[in-house]
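The values are calculated or read from the model by the stated rules, or taken from the named source; none is laboratory data. If you're wondering where the values come from, they're calculated on a predicted model, not measured in any experiment. Neighbour counts run over all protein chains shown; Cβ positions are idealised from the backbone, glycine included.
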Amino acid sequence: MPSNATRQPGLDNLDDLLDGVRKAGLPTRLSTHGSVRPVPGSLDIALYRITQEMLTNALRHGDSNLVEIELHYRQESVSVTASNGVLPGRQPLGESAGSARGLAGIRKRAALFDGTVEYGPDPTGTRWWTAVTFPVGGQR
């Protein structure tokens, strides 16, 4: 059995992750909606890693302004959404972009838990959002 020193980070570690991103110069805000409840351990880790990738994408491709992370706990699902600004005149990251590996990694992790992934620019083209939703509560 692994010791606490080797435990993979999960949702309980998001504050530490966000603090590290803030220290790197990217303002970040986390909000939680719904009744917080435990999720299975491996899904907990996947949600953390997906959030980590969302933040990495915002650092690499965003405008260095506020990144908003939202956790939504619903009756039959849990989701994480990230929204960040894009640089003026820069084409937002998408499927055809050369460095879409972050999105591919997010999709791969989501697929392991029957999750869905949505992403793209907002209607104004000034913000990029990524949302990942997982079924929970007997849905599998």
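What single numbered condition from (1) polar (S, T, N, Q); (2) outside any loop (DSSP other than H, G, I, E, B); (3) free of Cβ contacts under 8 Å to residues at least 40 places away in the same chain fails to hold for SER64? With respect to (1) polar (S, T, N, Q); (2) outside any loop (DSSP other than H, G, I, E, B); (3) free of Cβ contacts under 8 Å to residues at least 40 places away in the same chain, SER64 is out only on (2). So, GLY20, is that one more than 12 Å from the chain's Cα centre (by Cα), modelled with pLDDT under 95 and surrounded by fewer than 19 Cβ atoms within 10 Å (Cβ to Cβ) or not? No, not satisfied.
Whether any residue in the stretch 30-40 is more than 21 Å from TYR119 (Cα to Cα), among the charged types (D, E, K, R) and either touching a Pro at 6+ places or on another chain (Cβ under 7 Å) or at pLDDT below 95 (or both) is what I want to check.
yes
Okay, residues lined up against (1) among the basic types (Lys, Arg); (2) more than 30 Å from THR124 (Cβ to Cβ); (3) loosely packed, with under 13 Cβ neighbours inside 10 Å:
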residue: THR32; (1), (2), (3): no, no, no
residue: ARG37; (1), (2), (3): yes, yes, yes
residue: ALA46; (1), (2), (3): no, yes, no
residue: ILE50; (1), (2), (3): no, no, no
residue: GLY62; (1), (2), (3): no, no, no
residue: ALA82; (1), (2), (3): no, no, no
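Looking only at the stretch 28-41, residues that are of a type in the set (S, T, N, Q) and without any contact (Cβ under 8 Å) to a residue 40 or more places away in the chain come to 1 in all. For the stretch 106-140, a tally of residues being in contact with an Asp or Glu (Cβ under 9 Å, 6 or more places away or on another chain) and under 19 Å from PRO40 (Cβ atoms) returns 11.
Here's the yes/no breakdown for (1) among the charged types (D, E, K, R); (2) free of Cβ contacts under 8 Å to residues at least 40 places away in the same chain; (3) assigned to a helix (DSSP H, G or I):
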residue: ASP19; (1), (2), (3): yes, yes, yes
residue: LEU26; (1), (2), (3): no, no, no
residue: ILE50; (1), (2), (3): no, no, yes
residue: SER79; (1), (2), (3): no, no, no
